[in-house]
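> Let me give you the structure first, and then I'll get to my questions.
The values are calculated or read from the model by the stated rules, or taken from the named source; none is laboratory data. Predicted model, so just to flag it, every value in this text is computed and none were measured. Counting neighbours? That spans all protein chains shown, and the Cβs are built from the backbone with ideal geometry, glycine included. Please note that ligands, DNA and RNA were not included when accessible areas were found on the heavy atoms of the full protein model with its side chains. Shrake-Rupley method; radii C 1.70, N 1.55, O 1.52, S 1.80 Å.
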Amino acid sequence: MPDYRQEIPFFDTAIYNPKQRSQIDLAIQSVLDHGKYINGPEVYEFSEKLSTYLNVKHVVPCANGTDALTISLLALDLQRGDEVIVPVFNYVAAAEAVEILGLTPAFIDVSNKDFNIEVKEIEKRINSKTKAIIITHLFGAAAKIDHIVDLAHKYNIAVIEDIAQAVGTELNQRKVGTYGDIGCISFFPTKNLACFGDGGAIITNNEVIANKAKMIANHGQTNKYEHKIAGCNSRLDTLQAAILSVQLLYLEDNLNKRRAIAEKYQDGLKDISEICLPVQQQNSFHTFNQYCILLRSKEVREELQNDLKNSGIGVMIYYPKPLHIQEAFARYEHKVNDFPVAEDLCNRILALPVFPDLREEQLQYIISQIRNFFNQ
Ligand SMILES: Cc1ncc(COP(=O)(O)O)c(C=O)c1O
């Protein structure tokens, strides 16, 4: 197979492993043969396999990770005006799901160590309207979900874990996403477990929530043409499910590759005092969906970003703007400086390439370009 990679992309979603490619070809072929493109047997088979891998009782497949969050909130029977705690340094999906359902996102700052929600801020934000908390395990790093679940129990608040970036991440040898009441997954092509388009799933050990989520994702339908509530149409395509069953076979190997790349970045950059490297909490297994470093200032980040781009290295900024100052949430009248850690991170963070097929020579080239930039 020709190698099209002249430059180092930020992410490469192509499948290069010939065995994996042929397994995917076969999986697609078998769907074309039976033609059950909607709710075909592969959807059920994949859900079973994922539930075994994550050690969770129920997997409810759906169309994407954003729907997983929206359906989860609907399944909790929240009322208009109820507050849902959301970390402010985050992808927009969680806050967006809260907002479009007429709930109120209660933003919270994050930790500048692991970029996840700052646990000590949570209790301060809880009031009588707080009904749920969405915890994003950002970049594949486990949040302090065990403490958060204890806190949520104390206040009778539901916990939704957003594991879009953290499928396979563990804390105390238990997969994140299974600590709270519900876990939400995205199978977007750059995620740890990726399909070839959009896909998502809701995971839970709670049968009532699982049944409700299943019903909501299927037009609120109980029996054919019997609609108990107004739901939506959110399905994982049979083709994507067939692909995901193959992808699941390679997940552990891919996570180990991601971790090995992260270790090499760590080794290659640790003596550069101008850079803060990502950390993981004790007893956790980080899966490095992103590898993000922190620079001294916005200006240094911009210079390094340009330098790496000019050297043919793809980098990204996750995230350039925190949620509280996004126009979408302007009605809450948050101001600059309301969440100083998140704002500071947005100015200084930079994501380096990390994907399973990143080759050793590419990785060493990235490390050497960063070292050169800092005259090391
Ligand atoms: C943390 C997080 N949550 C939710 C989502 C939404 O997933 P999807 O794009 O499948 O809707 C993403 C996707 O980028 C994400 O990174």
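> Can you tell me which of Lys131, Lys154 is over 14 Å from the mean Cα position of the chain (by Cα), of a type in the set (D, E, K, R) and not in a helix (DSSP H, G or I)?
Details: Lys154 fails: not in a helix (DSSP H, G or I).
Every option except Lys131 fails the conditions.
> State whether the residues of the stretch 317-331 include one that is farther than 26 Å from Glu121 by Cα and in contact (Cβ under 8 Å) with a residue 60 or more places away in the chain.
Start the filter on the stretch 317-331 by keeping residues that are farther than 26 Å from Glu121 by Cα, which leaves none.
No: the stretch 317-331 contains no residue that is farther than 26 Å from Glu121 by Cα and in contact (Cβ under 8 Å) with a residue 60 or more places away in the chain.
> Moving on to the next point. With the requirement that a residue be out of contact with any strand residue (DSSP E or B) (no Cβ under 7 Å at 6 or more places or on another chain) and closer than 16 Å to Ile117 by Cα, what does the stretch 149-174 give you?
Asp150, Leu151, Gln165, Ala166
> Given the conditions (1) closer than 14 Å to Gln165 by Cα; (2) touching a helix residue (DSSP H, G or I) at 6+ places or on another chain (Cβ under 7 Å), report the number of the one that Asp109 does not fulfil.
It fails just one condition, (1).
> Considering the stretch 211-240 alone, what residues qualify as being closer than 15 Å to Cys62 by Cα and among the aliphatic types (A, V, I, L, M)?
Matches in the stretch 211-240: Ala213, Met215, Ile216, Ala217, Leu236, Leu239.
> Regarding the stretch 167-183, can at least one residue be identified that is more than 23 Å from Glu48 (Cβ to Cβ) and open to solvent by less than 40 Å² (accessible area, probe 1.4 Å)? Walk me through how you get there before you give the answer.
Step one: filter the stretch 167-183 for residues more than 23 Å from Glu48 (Cβ to Cβ), giving 171-172.
Those left that are additionally open to solvent by less than 40 Å² (accessible area, probe 1.4 Å): 171.
Yes: the stretch 167-183 contains one or more residues that are more than 23 Å from Glu48 (Cβ to Cβ) and open to solvent by less than 40 Å² (accessible area, probe 1.4 Å).
> Go through the stretch 61-105 residue by residue and tally those that are farther than 22 Å from Tyr319 by Cα, open to solvent by less than 10 Å² (accessible area, probe 1.4 Å) and within 16 Å of the ligand (Cβ to nearest atom).
Going through the stretch 61-105 one residue at a time, the tally reaches 4.
> Consider the stretch 33-53. How many of its residues are without any contact (Cβ under 8 Å) to a residue 40 or more places away in the chain, farther than 15 Å from Ser245 by Cα and charged (D, E, K, R)?
1
> Exactly one of these conditions fails for Leu239: (1) within 20 Å of the chain's Cα centre (by Cα); (2) under 23 Å from Phe355 (Cβ atoms); (3) in the same structural domain as Leu50 (by TED's automatic domain parsing); (4) open to solvent by 20 Å² or more (accessible area, probe 1.4 Å). Give me its number.
Going through (1) within 20 Å of the chain's Cα centre (by Cα); (2) under 23 Å from Phe355 (Cβ atoms); (3) in the same structural domain as Leu50 (by TED's automatic domain parsing); (4) open to solvent by 20 Å² or more (accessible area, probe 1.4 Å) one by one, Leu239 breaks only (1).
> Ok, one more. Can you find even one residue in the stretch 5-23 that is in a helix (DSSP H, G or I) and open to solvent by less than 20 Å² (accessible area, probe 1.4 Å)?
Keep residues of the stretch 5-23 that are in a helix (DSSP H, G or I), which gives 18-23.
Narrowing further to those that are open to solvent by less than 20 Å² (accessible area, probe 1.4 Å): 20.
Looking through the stretch 5-23, at least one residue is in a helix (DSSP H, G or I) and open to solvent by less than 20 Å² (accessible area, probe 1.4 Å).
> Need pairs with beta-carbon distance below 8 Å; first residue under 23 Å from Phe288 (Cα atoms) and within the stretch 154-170, second open to solvent by 20 Å² or more (accessible area, probe 1.4 Å) and among the basic types (Lys, Arg); sequence gap 6+ or separate chains.
Ala164/Lys191; Gln165/Lys191; Val167/Lys191; Gly168/Lys175; Thr169/Lys175
> Looking at (1) surrounded by fewer than 16 Cβ atoms within 10 Å (Cβ to Cβ); (2) in a strand (DSSP E or B), find the lone condition where Thr52 falls short.
(2)
> Is it the case that the stretch 312-323 has a residue that's over 18 Å from Lys270 (Cβ atoms), of a type in the set (Gly, Ala, Ser), in contact with a strand residue (DSSP E or B) (Cβ under 7 Å, 6 or more places away or on another chain) and at pLDDT 95 or above?
Step one: list which residues in the stretch 312-323 are over 18 Å from Lys270 (Cβ atoms), which gives 312-323.
Add one more test, that the residue is of a type in the set (Gly, Ala, Ser), and what stays is 312, 314.
Still in the running and in contact with a strand residue (DSSP E or B) (Cβ under 7 Å, 6 or more places away or on another chain): 312, 314.
With at pLDDT 95 or above added as a condition, the list becomes 312, 314.
Among the residues of the stretch 312-323, at least one is over 18 Å from Lys270 (Cβ atoms), of a type in the set (Gly, Ala, Ser), in contact with a strand residue (DSSP E or B) (Cβ under 7 Å, 6 or more places away or on another chain) and at pLDDT 95 or above, which makes the answer yes.
> In the stretch 128-154, what residues are within 15 Å of the ligand (Cβ to nearest atom) and either modelled with pLDDT under 95 or more than 17 Å from Lys175 (Cα to Cα) (or both)?
Kept after step one, since they are within 15 Å of the ligand (Cβ to nearest atom), are these residues of the stretch 128-154: 133-143, 145.
Once the filter is applied, which keeps residues that are within 15 Å of the ligand (Cβ to nearest atom) and either modelled with pLDDT under 95 or more than 17 Å from Lys175 (Cα to Cα) (or both), the stretch 128-154 yields only Ile133.
> Filter the stretch 104-144 for residues that are touching a strand residue (DSSP E or B) at 6+ places or on another chain (Cβ under 7 Å) and charged (D, E, K, R) and give the result.
Matches in the stretch 104-144: Glu118, Glu121, Arg125, Lys129, Lys131.
> Another question about this same structure. Write out, first by first residue and then by second, each pair whose Cβ atoms fall under 6 Å of each other, whose residues are 6+ apart or on separate chains, and whose first residue, in the stretch 334-348, is under 16 Å from Pro320 (Cβ atoms) and in contact (Cβ under 8 Å) with a residue 12 or more places away in the chain while the second is assigned to a helix (DSSP H, G or I) and open to solvent by 60 Å² or more (accessible area, probe 1.4 Å).
Once the first residue is under 16 Å from Pro320 (Cβ atoms) and in contact (Cβ under 8 Å) with a residue 12 or more places away in the chain and sits in the stretch 334-348, its partners that are assigned to a helix (DSSP H, G or I) and open to solvent by 60 Å² or more (accessible area, probe 1.4 Å) give Asn347/Lys298.
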